[in-house]
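Worksheet for the structure shown next.
We did not get these values from a lab; they are worked out from the coordinates using the rules stated. None of the values given here were measured: they were computed from a predicted structure. Because the Cβ atoms are built from the backbone with ideal geometry, glycine has one as well, and the counts that use them run over all protein chains shown.
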Amino acid sequence: MEESAELIFIPWPVMGHVQIVEFANLIIHRQNTISSGKRKLSVTVLLMKLPEYVDTVSGSFLDNLTNDGSPRVKFFHLPPTEAAPEWSSRTRGYFINNLVLSQRSNVADFIRSSDAVSVVVDMLCTSMIDVAEELKLPSYVFFTSPASFLGAMLHFQVLHDEENRDVSGLKNSGADLQIPSLKNPFPAEALPLVLVEKELWLERFLHYARDYRRAKGIIINTFADLESFALDSFLQDSAYGRAIVPPIYPVGPILNRTPSTDSRSSEIIQWLDGQPPRSVVLVCFGSQGSLHADQVKELAHGLERSGHRFLWALRRQSPDDKRAVFPSEYISHAEVLPDGFLDRTSGIGKVVGWVPQLDVLSHESMGGFVSHCGWNSVLESVWCGVPIATWPLHAEQQMNAFQVARDLGLGAEIALNYHERCEDHGEMVKGLEVERGIRELMDGESKARKRIKNMSEKSRLCVMEGGSSYIQLARLITNFLGTS
């Protein structure tokens, strides 16, 4: 009789982390190529849903996940927990972290009733490692950011725990920093707030970094050719302090291939069908990204002056007193754009509230991508061979932007040191800078365009039989089966 070895997956409940669902499907698809005797893996993904008033995008995606697909990938919606008023007092991450913490007892109850052999937790759900340890199960971390940022987190944890450094002061040091996972010195003023904002670092990200070292392995959505320098840094004994770094499994790129059910998709693709090849700039800051009204106008001025065709996904920023709430749709884009902008650009541009990003980047009309440099967006752009103009907003995106533009040379810089609420953490990006960045991005003979085309080919080869990510996934599946 066939024996089942069940894996429990615990994702961070926002769209930028849904690749863990794609990873579950990939494991089941690939295990058939590995000799495992009578044992077969199955995956149960435990889902936590954010309240509608915080995030409608992620909630609708989770609602569409059903158990009707692969019989070996199941979804279980954890019982909802009542959000405390205090959770909404700060940031989205703070709200979601508290939601995750409130679900620990429900997760423990589910695992006790399962045949679990291992638990795979999102990089921001490491509090669940405690639950797994109590139940004597090994834990793996699914890291949705790049290997370079994992290295930065572990490096900063060493500075804090082993060298007794106050890392919150580094951002204002004025120095360039040598981080083991980055090829070039990193400008201190561009350090992401998650590493140097004292409360955010001490309350959350320092604990995440410590927890990564407790895992049996760290699965990263990246691939060897893209981040060879960062991945090699984990093999250097002295790079990350005295504490152990678990085995690293670069198994990407894992892309969100869930078909779009949004009725707007066909209209957007139809518009792209009418544009010349490699002529359109996509401007998109992800499901969590937005700009304040004055910055939107500067971006519009830069786009218009560049003269290039564009598809712009424009979302409304949540009010200052509701920072835990995700961006929303504008009732009318005209209310925030410069007077006459939509009329003047009607022949070359289209402004929407949402785009099916992978479908858009795959379209032959795409010539460039103005991006927040969320890692999923970077991987999609690399896969499709579309060069990137960097405009980071939050999380680790400043570091991603640096790696894309300077370490890898896969695009142009519009900004490196920017925060979505720039009145608090930086200066506004002027229209002239936007125009310059887009013109550089759309240069058909640029080195960046040639580099990303080459990297696109490597991204596709690495997941084929014999490729680096293919081999790493086989190694990981063998280890999963060995624990059952």
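Listed cross-link partners Lys183/Lys450; Lys136/Lys458; Lys430/Lys458; Lys49/Lys447 are compared with a 32 Å cut-off, the Cα-Cα value being larger for Lys136/Lys458; Lys430/Lys458; Lys49/Lys447.
The amide H of Asp122, built 1.01 Å from its N in the peptide plane, has Ile10, Trp12, Phe142 as neighbours under 5 Å, considering only residues 5 or more places off or on other chains. Extension gain for the segment Glu329 to Phe76, taken as residue separation times 0.36 nm less the Cα-Cα distance, is 88.1 nm to one decimal. For the stretch 262-333 versus the stretch 177-207, the inter-centroid distance based on Cα atoms is 29 Å.
The charge dipole of the chain, taken about its Cα centre with unit charges on the Cβ of Lys, Arg, Asp and Glu (plus for the first two, minus for the last two), comes to roughly 1100 debye. Per-peptide packing, taken as the mean over residues of other Cβ atoms within 10 Å, places 71-79, 327-335 in the sequence 71-79, 327-335 from highest down.
Estimated from helices alone, the mean residue ellipticity of the chain at 222 nm is -10000 deg cm²/dmol (sum of -39500 (n - 2.57) over DSSP H runs with n ≥ 4, per residue).
Between Lys183 and Glu199, the distance separating the two model label sites (each 7 Å from Cα on the Cα→Cβ line) works out to 3.9 nm. Of all aspartates and glutamates in the structure, the ones whose alpha carbon falls short of 12 Å from that of Lys74, not counting any fewer than 8 places away in one chain, are Glu6. In plain terms, the chain from Asp176 to His29 could stretch by 48.5 nm, reckoned as 0.36 nm per residue minus the Cα-Cα distance. Computed extension gain for Leu101 through Lys430, at 0.36 nm per residue and net of the alpha carbon distance, reaches 114.4 nm. Take the Cβ atoms of Arg344 and Tyr53, set R0 to 30 Å, and the FRET efficiency comes out at 0.25. A straight Cα-to-Cα reach below 18 Å connects Lys171 with the lysines Lys198, residues fewer than 8 places away in its own chain not being considered.
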